[in-house]
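See below for the structure under consideration.
The values are calculated or read from the model by the stated rules, or taken from the named source; none is laboratory data. The structure displayed is predicted, hence computed values, not measured ones. Please note: Cβ atoms are built from the backbone with ideal geometry, for glycine as well, and neighbour counts cover all protein chains shown. Please note that ligands, DNA and RNA were not included when accessible areas were found on the heavy atoms of the full protein model with its side chains. Shrake-Rupley method; radii C 1.70, N 1.55, O 1.52, S 1.80 Å.
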Amino acid sequence: MSILLEKLKFGQFETFPELVHAVSPRCFENEQGEIEEFSFRNNSESGKAREHVKWFLESIGIENRSLFLVNQIHSDNIFVLDDPGLAFSEAGKISADALLTQIPGRPIGIFTADCLPILVYDPRLKVIGAIHAGRRGSEKSLLFKVIGEMGRVYGCRPAELVVGFGPAIGGCCYEVGEDCVQPFKELFPDDKGWLRCGPSGKYFLDLIAVNKMEGEKAGLLPENISSMDHCTCCSTRNLYSYRREGETGRILTTIMLRP
Ligand SMILES: [Zn+2]
């Protein structure tokens, strides 16, 4: 089996020419023709990480632009990038797990390794969003709150939003204890499609199923939600998994409105 070097993309997002987006694979081919791993780290200022971000952006056609990231803390904080004069380094000091913007030419992104990266787009009002939804963000209903915030700030209508779920640890691999599933039992008391019983009192949690339910509760239409359905933990050859590997690299999921 060959190593995946292509960026991952959502078909539905590709239908909008005003958008550029991608999810990074684990490896890329460098200028010497060698296979190298992307070495992104959260908020890393190291030269190599910065170089790799730049290289990745260039490879999807985003040149000479700084990537806007936030300080991810597994919260339900949402950062609205509405100041065209704000420097990317200032944005990086803001603790949040979702970014929204309507400003063209500002690539926004999030890093993950097992947590679920989500991209959101409003084709009518041209609003983009990037969300870091791990277990803790999901139990705080982060996606639901982002959709609400898009309505409040921009006037977005949930039924018009297009949403993509990137690669995350799947229900096949995400084994957790009772304490981790309890908040979801309270959120979804009548539907247990997101839960599977594992060995010795443990459970398997399906983050994608949980977020689909949160999205639909907020008014997303099922046909506007797409999922890459790659389990990070099953595919460490092509992606990064914190659960399988411990300290490891990150997957970058980014989106930009073309200027
Ligand atoms: Zn898996």
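So if I restrict to the alpha-carbon atoms in the range 18-160, what is the Rg, and what is Dmax, the biggest pairwise distance, in Å?
15.3, 49
To the nearest 10 square angstrom, what accessible area does residue 60 show with a 1.4 Å probe?
Accessible area of residue 60: about 20 Å².
May I ask you to list the trypsin sites (Lys or Arg not before Pro) in the range 154-259 that are in a DSSP loop and have at most 15 other Cβ atoms within 10 Å of their Cβ?
Details: sites: 185, 192, 196, 202, 212, 217, 237, 243, 244, 250; in loops: 192, 202, 237, 250.
Sparse-neighbourhood loop trypsin sites (Lys or Arg not before Pro): 192, 202, 237.
Antiparallel as a % of all DSSP beta bridges within the chain, to the nearest 5? Mind dumping the intermediate values first?
Values: 34 of 44 bridges.
Close to 75 percent.
What are the ³J(HN,Hα) values, in whole Hz, obtained from phi via the Karplus relation 6.51 cos²θ - 1.76 cosθ + 1.60 with θ = phi - 60°, for each residue of the range 128-136 in sequence order, with x given for Gly and Pro?
Couplings: 10, x, 10, 10, 9, 10, x, 4, 6 Hz.
Put a dot 7 Å past each Cα toward the Cβ at residue 124 and residue 35; how far apart are the dots in nm?
A separation of 4.6 nm, rounded to one decimal place.
Please list the non-local residues whose amide H lies under 5 Å from the amide H of residue 232, H modeled 1.01 Å from N, same-chain partners needing a gap of 5 or more.
Amide H neighbours of residue 232, under 5 Å, 5+ apart: 168, 169, 170.
Using each residue's phi in the range 116-125, evaluate 6.51 cos²θ - 1.76 cosθ + 1.60 at θ = phi - 60° and report the 3J(HN,Hα) Karplus result to the nearest Hz, with x for Gly and Pro.
My calculation for the range 116-125 gives 8, x, 10, 10, 10, 9, 10, x, 7, 9 Hz in order.
Show the residues, 5+ positions off or on another chain, whose built amide H is closer than 5 Å to the amide H of residue 79.
97, 98, 99, 100
What aspartates and glutamates could a cross-link reach from residue 145, if we take a straight Cα to Cα line under 14 Å and drop same-chain neighbours fewer than 8 places away?
Qualifying aspartates and glutamates at Cα under 14 Å: 76, 97, 214, 216.
So what J values fall out for the range 47-55 if you push phi through Karplus, 6.51 cos²θ - 1.76 cosθ + 1.60 with θ = phi - 60°, rounded to Hz, Gly and Pro as x?
For the range 47-55, the Karplus-derived couplings read x, 5, 4, 5, 4, 5, 5, 4, 5 Hz, x marking Gly and Pro.
Given the whole protein assembly as supplied and a 1.4 Å probe, what does the accessible area of residue 140 come to in Å², nearest 10?
Accessible surface of residue 140 is approximately 70 Å².
Between Rg and the Kirkwood Rh of the range 103-195, both from Cα atoms, what is the Rg to Rh ratio?
Result: Rg/Rh = 1.01.
So what's the back-of-envelope 222 nm ellipticity for the chain, counting only DSSP H runs of four-plus at -39500 (n - 2.57) apiece and dividing by all residues, rounded to 500? Numbers along the way, then the final one.
Numbers: 8 runs with 64 residues, N = 259.
That calculation yields -6500 deg cm²/dmol at 222 nm.
Once amide H atoms are built 1.01 Å from N in the peptide plane, which residues 5 or more positions from residue 22, or in another chain, come under 5 Å H to H?
254
Viscosity 1.002 mPa s, temperature 20 °C: Stokes-Einstein D of the chain from its Kirkwood Cα radius, in µm² per second?
In µm²/s, the coefficient rounds to 116.
Would you mind calculating the gained length between residue 229 and residue 191 on full extension (0.36 nm times residue separation, minus the Cα-Cα distance), in nm to one decimal?
11.6 nm
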